[in-house]
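Notes follow once the structure below has been shown.
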Amino acid sequence: MRLLFILIIFAISLFSDDKYIFGEGWKPTEKPIYLGGYLSAVADLRNDKQIISVDELAFMVYGEYNRFGFMSEFEIEDFYSKTFDETEDETFSQKVHIERLNVNYFIDDNSEIMIGKFFSEIGFWNTWPINVLRDTTSDPHILETIFPEMSTGILYKRFFKNLTIYLTFQNNRGIDDTYNNFNIDYHYALALSFENGENEWRIGGGQFSETDGDSSLYVTLGYCKDLPSWTFMIESGIRKSDKSKKIFYDVYGQSVWHILPKHDLILRIESYRDLSEIPKSNSIVFGYTYRPLPYIALKGEVDFFDNGSERSLFSFSMMF
């Protein structure tokens, strides 16, 4: 816990520095380079056990200059965890993973290219990579089930008036390849985003191969409507695995009611089949999120599964 304490004290001390902007990081020089990070602490309460953890602790260095930009993000996953059940179990990790490491070049006003390790531009939820940016502590199962969360290769973006095209090319094992939801040696994907005011459609599809030789095809479809008082989103995905001959899927609908400034109520209904702790289920999530500042979130939720199990999640997350 000493490292966590040092990082928190470091973040607090930056408030007195006029070079620091909370949530955006510290600008140590006149150059457009920033140092920042984020953390999240979670309490996972179930009938048979309770888990308290610091599940995200990350440090970032990023910036832009002229037509170039870069992002480096280093994370300690499951930094600290303590389980309370018949026998208390406490774990502590200091292993640092490379979550993102890339440079991008703005070719012109309508296109850009990124090279390195980045979050796959597929769907909605996967493009919000940090707990504090998401509506709930838990993630829909599409995040782990359908496609690689991260890719190492080339990402090309082309912008039109109401359309954005994303092309992903990976043909390698990747940077820190074990730090991903799939261990892959290639990933090719195409995604389209159609946006018209308060409405946005996202369509995606691709193919990837795991290092054990299993190849998968997947497609995704999502829709989001964003209004001042509420946000509605539905997202779905299906994946066909050649080796296991299985079809995995996920579909969820989520409504976020902005009841007051800084206060949200969330309802998510989901149906999925994957390889998680509960491999096939229908579930309902009721959640509440309070954001005292744009880059701080306090969240609580209750998850119900159709097999009779349930859990409660509470989290504190912030960017600094």
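The values are calculated or read from the model by the stated rules, or taken from the named source; none is laboratory data. Just so we're clear, the structure is a prediction, and the values are computed from it rather than from any experiment. Cβ sites come from the backbone with ideal geometry, for glycine too, and all protein chains shown count toward neighbours. Only protein heavy atoms, including side chains, enter the accessible area calculation; ligands, DNA and RNA are left aside. Shrake-Rupley method; radii C 1.70, N 1.55, O 1.52, S 1.80 Å.
Here Glu30 and Ile165 are evaluated by their C-beta separation; at R0 = 35 Å the FRET efficiency comes out at 0.45.
Considering only Thr136, Thr127, Thr152, the Gaussian network model of the chain with Cα springs below 10 Å gives its largest mean-square fluctuation to Thr127.
Label reach from Ser93 (point 7 Å along Cα→C-beta): in the range 35-65, amide nitrogens under 18 Å belong to 38-44, 51-60.
If the segment from Tyr156 to Arg173 were pulled out straight at 0.36 nm per residue, it would be longer than the present Cα-Cα gap by 4.2 nm. Placing a pseudo-label 7 Å from each Cα along the Cα-to-Cβ vector at Ser241 and Ser276 gives an inter-label distance of 1.6 nm. Each residue of the range 143-156 was assigned a 3J(HN,Hα) from its phi angle through the Karplus expression (A = 6.51, B = -1.76, C = 1.60, θ = phi - 60°), giving 5, 9, 9, 9, 8, x, 4, 10, 10, 10, x, 10, 10, 10 Hz with x at Gly and Pro. Ranking Gly197, Leu267, Leu133 by how far each Cα lies toward the positive end of the dipole of the chain (charges on Cβ) leaves Gly197 at the top. Note on Asn199/Leu267: beta-carbon distance plugged into 1/(1 + (r/R0)^6) with R0 of 35 Å gives a FRET efficiency of 0.95. Contact order for the chain, expressed relative to its length and based on alpha carbon pairs under 8 Å spaced 6+ residues apart, stands at 14 percent. Each Lys or Arg adds one and each Asp or Glu takes one away; over the other residues whose Cβ falls under 14 Å from the Cβ of Phe106, this sums to -1. Modelled label positions at Leu293 and Asn307, each set 7 Å beyond Cα in the direction of Cβ, lie 4.1 nm from each other.
For the range 273-313, GluC sites (Glu not before Pro) are listed when DSSP marks them as loop and at most 14 other Cβ atoms sit within 10 Å of their Cβ; the list is Glu277. Computed over neighbours whose Cβ is under 10 Å from that of Glu77, the net charge equals -4, Lys and Arg +1, Asp and Glu -1. In a fully extended conformation the segment linking Val103 and Thr211 would gain 36.3 nm over its present Cα-Cα distance, using 0.36 nm per residue. The 1.4 Å probe gives accessible areas that order Ser283, Ser312, largest first, as Ser312, Ser283.
Among Asp139, Asp185, Asp89, the largest mean-square fluctuation in a Gaussian network model of the chain, built with springs joining Cα atoms closer than 10 Å, belongs to Asp89. Applied to the range 62-73, the Karplus parametrisation 6.51 cos²θ - 1.76 cosθ + 1.60 on θ = phi - 60° returns per-residue 3J(HN,Hα) values of 8, x, 9, 8, 6, 8, 10, x, 8, 9, 10, 9 Hz, with x for Gly and Pro. Take the chain, connect every pair of alpha-carbon atoms lying under 10 Å apart with a spring to form a Gaussian network, then pick out the residue of Tyr34, Tyr65, Tyr218 with the largest mean-square fluctuation. Answer for the Gaussian network model of the chain: Tyr65. Considering helices alone, the calculated mean residue ellipticity of the chain at 222 nm is -1500 deg cm²/dmol, with DSSP H runs of length four and up weighted by -39500 (n - 2.57) and normalised per residue. Karplus-derived 3J(HN,Hα) values for the range 274-288, using 6.51 cos²θ - 1.76 cosθ + 1.60 with θ = phi - 60°, are 7, 10, 7, 4, 10, x, 8, 6, 10, 9, 10, 10, 10, x, 9 Hz; glycine and proline are entered as x.
Solvent exposure of Arg273, expressed as accessible area, is near 80 Å², computed with a probe of 1.4 Å over the protein chains only. Taking all protein chains together, Trp125, Trp26 sort by accessible area into Trp26, Trp125, largest first [probe 1.4 Å].
Of the GluC sites (Glu not before Pro) found in the range 149-211, those that fall in a DSSP loop while having at most 12 other beta-carbon atoms within 10 Å are Glu198. A DSSP coil position with no more than 10 other Cβ atoms inside 10 Å describes the following GluC sites (Glu not before Pro) in the range 86-147: Glu86, Glu88.
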